[in-house]
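To start, the structure under review is shown below, and the notes come after it.
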Amino acid sequence: MPRYFLDTSAVAKLYRSELGSEFVDRIFSERASQHLISRLTIVEMESVLALKVRTGEIDQQAVLVVRRRLDADLGRSRLLVAAVNDDHFRSARQLLIKHGASEALRSLDALQLSIAIELRRAGLVAVFVAAEQKLCRVAALEGFAVTNPEHQAPIVI
């Protein structure tokens, strides 16, 4: 059974047709696949939507539709949500110390990755999905099988 951790950059593609959306749709249609996100993703989705409104990509009506679809997916457990705790913040700090300067890892990306790492250790996820190449590279350095829906090629280290 495929088990995915999706960063917000990948989740957003589920609700708006853009580069990489077809790939994300495909992994959601895989039989018996599981799709985990962090609680942070729900907050970050609001930021993504606000940016798309500010840039004129979507209007307020589209925001409402996306919110309803996201809430429905959460309610039906199509997206499984992992909590964020203090250990994740400590782990994110260590990831930033390790990869911040050399790989340009950002704070919220480090937090997402720290949650994914814990889920992988628990055997709950195997593949890290993000539409940000730098984040994909760090996830690969941390031992994940990685896919970027915008590139769909394995990350080479």
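Things worth noting here:
- Selected residue (criterion: farthest from the chain's Cα centre (by Cα)) from residues of the stretch 112-124 that are among the hydrophobic types (A, V, I, L, M, F, W, C) and open to solvent by 10 Å² or more (accessible area, probe 1.4 Å): Ala122
- Residue tally, condition without any contact (Cβ under 8 Å) to a residue 24 or more places away in the chain and open to solvent by less than 60 Å² (accessible area, probe 1.4 Å), over the stretch 24-50: 2
- Scanning the stretch 108-142 for residues being small (Gly, Ala, Ser), touching a residue at least 40 places away in the same chain (Cβ under 8 Å) and not in a helix (DSSP H, G or I) gives a total of 3.
- Scope the stretch 66-98; condition open to solvent by 60 Å² or more (accessible area, probe 1.4 Å) and in contact with a His (Cβ under 9 Å, 6 or more places away or on another chain); matching residues: Arg78
- Cβ-Cβ distances below 6 Å connect the following pairs, each with a first residue in the stretch 1-15 that is small (Gly, Ala, Ser), a second residue that is in a helix (DSSP H, G or I) and surrounded by fewer than 23 Cβ atoms within 10 Å (Cβ to Cβ), and a separation of six or more residues or different chains: Ala12/Val48.
- Summed over the stretch 44-69, the residues that are under 20 Å from the mean Cα position of the chain (by Cα) and closer than 25 Å to Lys134 by Cβ give a count of 9.
The values are calculated or read from the model by the stated rules, or taken from the named source; none is laboratory data. From a predicted model like this one, the values you see are computed outputs, not experimental measurements. All Cβ positions, glycine included, derive from the backbone under ideal geometry; neighbour counts span all protein chains shown. Heavy atoms of the whole protein, side chains included, go into the accessibility calculation; ligands, DNA and RNA do not. Shrake-Rupley method; radii C 1.70, N 1.55, O 1.52, S 1.80 Å.
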